[in-house]
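The values are calculated or read from the model by the stated rules, or taken from the named source; none is laboratory data. Source: prediction; values computed, not measured. Note that each Cβ is placed from the backbone with ideal geometry, even for glycine, and that neighbours are counted across all protein chains shown. Ligands, DNA and RNA are stripped out before the accessible areas are found, and what is left, the full protein with its side chains, is counted by its heavy atoms. Shrake-Rupley method; radii C 1.70, N 1.55, O 1.52, S 1.80 Å.
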Amino acid sequence: MCVDLLIYLISLTFHRFYPTNEGVMVAKTGVKMEVKNDTVFIRAECHSPYGIYTEAVDRDRVKKDEDFFGVILTQNKKSGYFFMVNAQGIKKDGVIVLKSTAKKEWDFVWDASVNKLKDTLWIVELKIPLSELNFNAKGDSLLVYANFVRGARLEGTGNFEAGTLVPIKGTNFYDLEYTKKFVFFLSTGQKNKFKIFNEPYVAVYHQSRGSYFSAGSDLSFKSGYLNTAITINPEYATVEGDIEQFNLDKNLMLYYPEKRPFFMDGFELWTMPFSVLYTRRLQDIDAGVKMNINMEKIGLNMFMVEEKDTNSMYISRKRITGGMRLVYSTKYAQFGGFYLQSRDTFGAKGADLMLYLPAKFHLNMQYTGDLNGKSDVFVHLYRYVRPGVNVEGGFERLDSVSLNTAYMPYPLFTRSMWLYLTFNFARDKDFLPYYAIGIGGTHGEYLDGSLYENNGTFFITLGLFNNLHFVYNLIPWRRYAPWNDTIYDNLLHYINLQYEPLKYHHINLDLQTGRFFGGTQKYYSIEYAYKGKRLHIASGYGYDEEPFYTQKRLYLKGKWNITHRLRLRLFAQHSDISNENEFDFLTEYKLRPGTSLFFVINRKDFRDGTNDTRFMAKFKTYFEIK
């Protein structure tokens, strides 16, 4: 679509939502938005009277307690996009689903430039192609709803404020309800364009077993509301490793966030109470194809991937997994359906309904059935606001559902119910700027009526100062242990302390101890992070002593943007959880926007004394075909 030049000059008044929902921001912001040549241009003049403060040095790590500017964009107030940049030029982007839930997507193709005119003033310019937004014109006009968000420093160490152009309730500035209407008029020129984006790579690997060559590509086609993407032989050597987690709750499965680009675009539609598609369970992808449709009221995701069958001990055969997710949204509700299939191994289908109730309540219901007639029923009622009263309650009945793509941290043949209440308070004071008190519990039992667990919680959260956060949680927990057919009465004390002693320096301390499965648990974790303007270093040590075992984990990771072209990344970990030592080192040199040269070292040392070392040189480029 070709849009005539139309400029909106926006007021300097931004309304505070932090530290309280009262008054206007001290830091003034002037915004100009225009659309031309199929691109949204936004220029913001950001005043910071108490100095410019930034932390994030890595993409998608921008926080609200630093100097940043962002825009929220939507056409239907059901789903949308966010684009942000801090005063150091670090970008953050993603999608918004279910009216107010932000999810990280793959890195959208857009430009952001920052110019610091003086110590108290910086200018940011955003260029967002309409092809990235999948916005559709109606007749001769393009309708867009937008809100702008800003964070800035206040007087005193650790103090900051945040606000939006359109006033919001609470602190969730992703809420699409609080957006302003803008209309851009179309010219008589071309209204629709078909674009092809190609991102090929070539790589050379060197391992102890020899050297080999690899190549692949990510190809996408975009036209209006339709996006199609194909990935061929994707590589994951450049994907950052995971910090291993301690299984303190004795779940059957731990949740790790998705980091692979193919699964981070379009799969936000699969966000449901019972997660039938947990993409981290799809491993060793050889190829994949997906199609996304994003219309005003309709969203569709269809995908198919080919992966190696890790269940076979003797041969390596391919396994194809595919699915479809359809969502229809109205002002007061969202209806959805889905279907999943993996050869003849498993399959599932189901439907879900989200009702948007008064007073910010949401009621979410989902039914899932597999090929054997087994099912899962999930009902979830919640209200999340700050300040105010948060409510969360629900019920789930899980039969022996055979679904190898689902995230199921609890056993089959169980039913659970839960209720939690949290009272949040905030005030514009240096001491105790916010605090919260919560209470709740969960009851779980097997379908035959025998106990699985009773879990309670009573916690208090205190913002003692703007740089000191404290949490105490008392956890009475009765749990059945299937490994020795015994019911244990546990009582745990949990403490979390987050402290920012100096600018750019952060300390996080976790402690948990108490009566635990017939013995005593002693768990602690201490983490330190330095977040400078170009350098980000984080390290941590964790120790977990339980009646059955003792585990330790030590990690170090860092990212250094030496110049705007050269970037280094380090990740090292020693873990008793997996009995592995891991070392990753990456160097990226940007030859031009969209084109980079990578050098990567991956090494893993295993408990049996063996190791796997891999060196990789990778060339990746990006180009657009109109």
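Taking the Cβ of Ser217 as the center, what net charge do the other residues with Cβ under 12 Å away carry, scoring Lys and Arg +1 and Asp and Glu -1? Intermediate values should be presented prior to the final figure.
Working: positive: Lys620; negative: Glu199, Asp218, Glu235.
Surrounding charge for Ser217 is -2.
How big is D for the chain, in µm² s⁻¹ as a whole number, if Stokes-Einstein is applied with the Kirkwood radius of its Cα pairs at 20 °C and 1.002 mPa s? Result for D is 80 µm²/s. Within 13 Å, Cβ to Cβ, of Val202, how many net charges do the neighbouring residues add up to if Lys/Arg are +1 and Asp/Glu are -1? Neighbourhood net charge equals 0.
Counting Lys and Arg as +1 and Asp and Glu as -1 over every other residue whose Cβ lies under 9 Å from the Cβ of Trp122, the net charge comes to 0.
What is region 311-436 by shape, rounded, prolate or oblate, if you read a ≥ b ≥ c off the alpha carbon gyration tensor as root eigenvalues and call it rounded for a/c under 1.5, prolate for a/b larger than b/c, and oblate otherwise?
The shape class here is prolate.
Within a straight-line Cα-Cα reach of under 20 Å, Lys290 can be paired with the following aspartates and glutamates, leaving aside sequence neighbours fewer than 8 residues apart in one chain: Glu105, Asp107, Glu132, Glu199, Asp218, Glu235, Glu258, Asp265, Glu268, Glu306, Glu307, Glu624. Estimated from the Cβ-Cβ distance and a Förster radius of 51 angstrom, the FRET efficiency linking Val204 and Glu296 is about 0.65.
At full extension, Lys104 and Ile439 could sit 117.6 nm farther apart than now, given 0.36 nm per residue minus the alpha carbon distance.
Only helical DSSP H runs with n ≥ 4 go in: add -39500 (n - 2.57) per run for the chain, normalise by residue count and round the 222 nm mean residue ellipticity to 500 deg cm²/dmol. If you can, show how the numbers build up before the last one.
On the way: 1 runs with 4 residues, N = 626.
Value at 222 nm, helices only, nearest 500: 0 deg cm²/dmol.
Based on Cα contacts under 8 Å between residues 6+ apart, the chain shows a relative contact order of 10 percent.
Past 23 Å, Cα to Cα: identify those pairs from Lys180/Lys360; Lys32/Lys620; Lys331/Lys374; Lys32/Lys127; Lys259/Lys331, in the order given. Walk me through the numbers before you get to the answer.
Details: Lys180/Lys360 20 Å; Lys32/Lys620 35 Å; Lys331/Lys374 33 Å; Lys32/Lys127 12 Å; Lys259/Lys331 32 Å.
Pairs exceeding 23 Å: Lys32/Lys620; Lys331/Lys374; Lys259/Lys331.
In this structure the chain gives 46 Å² per residue of accessible area when probed at 1.4 Å with all protein chains present. The distance separating the Cα centre of region 437-514 from that of region 336-384 comes to 28 Å.
Distance check, please: which entries in Lys63/Lys590; Lys318/Lys552; Lys78/Lys169; Lys92/Lys590 exceed 27 angstrom between their Cα atoms? Numbers along the way, then the final one.
On the way: Lys63/Lys590 25 Å; Lys318/Lys552 36 Å; Lys78/Lys169 17 Å; Lys92/Lys590 19 Å.
Violating the 27 Å Cα-Cα cut-off are Lys318/Lys552.
Residue separation of Ser223 and Leu570 scaled by 0.36 nm, minus their Cα-Cα distance, works out to 121.1 nm of gained length. Give the aspartates and glutamates whose C-alpha is closer than 18 Å to that of Lys28, dropping any in the same chain fewer than 8 places away, or say none. Qualifying aspartates and glutamates at Cα under 18 Å: Glu45, Asp65, Glu66, Asp67, Asp119, Glu125, Glu155, Glu161.
Spin-label pair Phe395-Asn508: with each label point 7 Å from Cα along the Cα-Cβ axis, the two points sit 3.6 nm from one another.
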